[in-house]
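Note sheet for the following structure.
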Amino acid sequence: MFKGEVGQLAGRRAARLAAMLAVGLSLTAAHPGAHDAPRMPVSGAPSATIDAATPVGTVMAFHAALASGDTDAALMHLAEDVVIFESGGVENSRAEYAGHHLEADAAFSAAVPRTLVSRTHGMQGDMAWVMSVETVTGTYRTRAINSRSVETMMLRQVNGQWRIVHIHWSSADIS
């Protein structure tokens with residue numbers, strides 16, 4: 001693929017992602033009560049009640065698969081054309097994520113528990129969004145971890161199943 005074609009592909013994906021985010025944010029703004037839902041701390045540990053037939057359940061199943069080291073199951077929840085933003089980097093497909101950060105993300109998730117602080121979500125048609133705030137505390141490779149993680153996931157229904165089409169992860173140390 002030539003450099004110009006790569007730029008065009010990245011531009012189309014960015015435009016599609018911007019449109020999905022605009023829909024999600026406009027729906028959230030149109031329904032301000034969605035932010036007023038009770039927010040109770042919930043353990044991020046896998047649960048027998050995960051329902052991957054829902055957008056929130058798909059996100060939970062993705063995290064449970066990472067935490068258990070089941071990378072094949074984690075990949076199953078991602079669309080082939082998923083776009084992942086993390087620490088200023090971009091991965092533009094499920095295959096790229098599998099070849100770069102998947103194993104490290106699974107190792108980190110297995111070693112360091114996440115505790116859900118708050119979550120909001122919504123849906124319109126075949127698109128959905130799940131926004132989560134979590135604390136991440138533990139030890140990874142002899143390094144103490146104590147951070148707040150924010151996550152935005154956009155999902156699309158594909159052949160009757162929810163697939164993650166965009167992930168944006170950001171974290172900061174808690175002092």
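Tell me which residues, restricted to the range 88-113, are assigned to a strand (DSSP E or B) and crowded, with 16+ Cβ neighbours inside 10 Å.
Glu91
Could you list, in sequence order, the residues of the range 92-114 that are within 16 Å of His77 (Cα to Cα) and of a type in the set (D, E, K, R)?
Residues satisfying the conditions are Arg94, Glu96, Glu103, Asp105.
Against the definition (among the charged types (D, E, K, R) and closer than 16 Å to Ala172 by Cβ), how does Glu103 come out, yes or no?
In short, no.
Read-outs throughout are calculated quantities, based only on the coordinates presented, and are distinct from any laboratory measurement. A quick note: this is a predicted structure, and the numbers were derived from the prediction, not measured. Because the Cβ atoms are built from the backbone with ideal geometry, glycine has one as well, and the counts that use them run over all protein chains shown.
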